[in-house]
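Everything on this sheet refers to the single structure shown next.
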Amino acid sequence: MSAMDAADLRIRTLGECRISSPLRGLVTRHGTTEHYVDETDRVLFDDTVAMLAGRNGGDLPSFEPGGPRRHIYFDPSKIRVGIVTCGGLCPGLNDVIRGLVLELTSHYGVSRIVGFRNGYRGLVARHGHDVEELTPARVQHINEHGGTVLGTSRGNQDPAEIVDCLDQLGINILFVIGGDGSMRGAQRIAREIADRDRRIAVVGVPKTIDNDIPWIGHSFGFQTAFGKATESIRAAHTEATAQPGGVGLVQLMGRHSGFIACYAALATNDADYVLIPEVPVDVDAFLPHLRRRVRERGHALVVVAEGAGQNYLPAEGTDASGNRSLGDFGIYLRRRILDDFTAAGTEINLKYIDPSYVIRSVPANPYDSVYCLRLAQAAVHAAMAGRTELVVGTWRNRFVHVPIPLAVATRNQVDPDGDLWMSVREATGQPASFTTPATDRAAA
Ligand code: ATP
Ligand code: MG
């Protein structure tokens, strides 16, 4: 476990919580305690005996837990709340929007909530403040659809202009639902707010279909995404087994982290090879391996994450947000496989499937809907208690507050020496690295 200081996990607050929480009707079975989180409660960062030995309890690194506070910072009757969604689509965005609106209105009694349209662009005057009122009626049924009812965008926006907009509209809390870039943006907005000595809370709900944001266990939409991806793997497997020399090649999302490829492959347990960005692949050694597999077993199924094998592809520039655009490894590999089998005189029937936009745009499954709602509840509790510059995460099966600088400092990736990757290798039978078999070397 990485070294972590108590200070790294500290959450900024806007001030003392003096207002009694209006949450009611949440008394436990014993009729005594509400489910308020005690302000002194903490979630240990590391619970290993090795860590506990030799440290005195006071400075143990620990997260602030999520959940409702007995006393809150904002007066619900006086505040105005903004919600924005940024970055790429991900199943569950509408569930989070709806969860925020319903928690704010039903439980806290906040009645003034606005949605900014098309990402951070909706908060910039030059683009015309694109704002819509969000009411319980407006968000009814939105969770039944994929995408985001608020729209989204990429492209840099000036934090100063964004805070001008928050000032003009009298926004007290801004919820940002977005990926790593959006959270970096949220951090700059929170800093600009602090520089101007304003009391506006900025709280993030981290969105990443690739599951590459740390401190959140599995990100919302991830289970839906890999579940949908299994349909493509099944289709490719059916195709591959139906014809001589059948090869199914499925490219799944995963720019820097191959979690979707790993989980979808494990869920079907049909893949013969899984190629992910975290584990370098030697295509020249992989191809003879694949040919031998097809010769011996009649077919093969290959699952690749889009970010794998980037060393084989030319650099492609950047997108509007400055993210490096990736080359299309699946298409590259398809050509290499076809060329290799043809050169070797081996029959091949290759079917290539890339379901990426189908996977991103579906509604959340019931598990993710539950998760989105609970993340939204935790985000509202944090903001109402005056916490700022944080994202809601999960740690040790509890909702926690994660400082944004920590959330964007690292990326969650498949550990090539970890048990997930070992499970994938057990399921596929693929080697740790590919080497050219003696027979192929002799033939070459
Ligand atoms: P995903 O990668 O999952 O699609 P994302 O949130 O990372 O989501 P981006 O397009 O990178 O998507 O960023 C979303 C918004 O955040 C954009 O408007 C972008 O300009 C802004 N943003 C990204 N990085 C920064 C940064 N370092 N500082 C300020 N704003 C940023
Ligand atoms: Mg990103």
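The values are calculated or read from the model by the stated rules, or taken from the named source; none is laboratory data. The structure presented is a predicted model; accordingly, all values stated were derived computationally and were not measured. When we count neighbours, we look across all protein chains shown, and the Cβ atoms used for this are built from the backbone with ideal geometry, even at glycine. Accessible surface areas use protein heavy atoms only, side chains included; no ligands, DNA or RNA. Shrake-Rupley method; radii C 1.70, N 1.55, O 1.52, S 1.80 Å.
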Modelling each spin label as a point 7 Å along the Cα-to-Cβ direction, I'd like the residue 235/residue 312 distance in nm, to one decimal.
2.3
Most to least accessible of 356, 77, 219 (protein chains only, probe 1.4 Å):
77, 356, 219
Take every Cα pair under 8 Å in the chain that's 6+ residues apart, average their separations, divide by the length, and report that relative contact order as a whole percent.
22
How much accessible surface does residue 103 have with a 1.4 Å probe, in Å² rounded to 10?
10
Any lysines whose Cα falls less than 27 Å from that of residue 207, other than same-chain ones fewer than 8 residues away, would be 228
Rounded to the nearest 10 Å², what accessible area does residue 207 have for a 1.4 Å probe in the complete protein model?
20
Label-to-label distance, nm, for residues given as residue 70 and residue 420 (7 Å Cα→Cβ offset)
3.9
Using a probe of 1.4 angstrom, how much of the accessible area of the chain is carbon and sulfur, in percent?
48
If the only charges are +1 at each Lys and Arg Cβ and -1 at each Asp and Glu Cβ, what is the size of the charge dipole of the chain around the Cα centre, to the nearest 20 debye?
780
Amide H neighbours of residue 274 under 5 Å, counting only residues 5+ apart in sequence or on other chains, H built in-plane at 1.01 Å?
303
Ordering of 311-321, 35-45 by burial proxy (mean other Cβ atoms within 10 Å per residue, highest first):
35-45, 311-321
Could you calculate the FRET efficiency of residue 196 with residue 16 from 1/(1 + (r/R0)^6), where r is the beta carbon distance between them and R0 is 22 Å, rounded to 0.05?
0.60
On the Cα set of the chain, report Rg and Dmax in Å, please.
24.4, 79
Sequence of 153, 433 when ordered by accessible area, the most exposed leading, probe 1.4 angstrom
433, 153
Gain on full stretching of the segment that runs from residue 296 to residue 46 - 0.36 nm per residue minus C-alpha separation:
85.2 nm
Whole-number accessible area per residue in Å² for the chain, which is evaluated in the context of all protein chains at 1.4 Å:
43
For residue 432 and residue 144, what is the calculated FRET efficiency with R₀ set at 60 Å and r taken between the beta-carbons, to the nearest 0.05?
0.85
Could you sort 372, 17 by their accessible area in this structure, using a 1.4 Å probe and putting the largest first?
17, 372
Please give the Cα centre distance for segment 155-186 versus segment 249-314, rounded to the nearest Å.
39
With just the Cα atoms defining each centre, how far is segment 337-360 from segment 39-104? Give it in Å.
45
What FRET efficiency, computed as 1/(1 + (r/R0)^6) with R0 = 30 Å and r the Cβ-Cβ distance, is obtained for residue 339 and residue 411, rounded to the nearest 0.05?
0.35
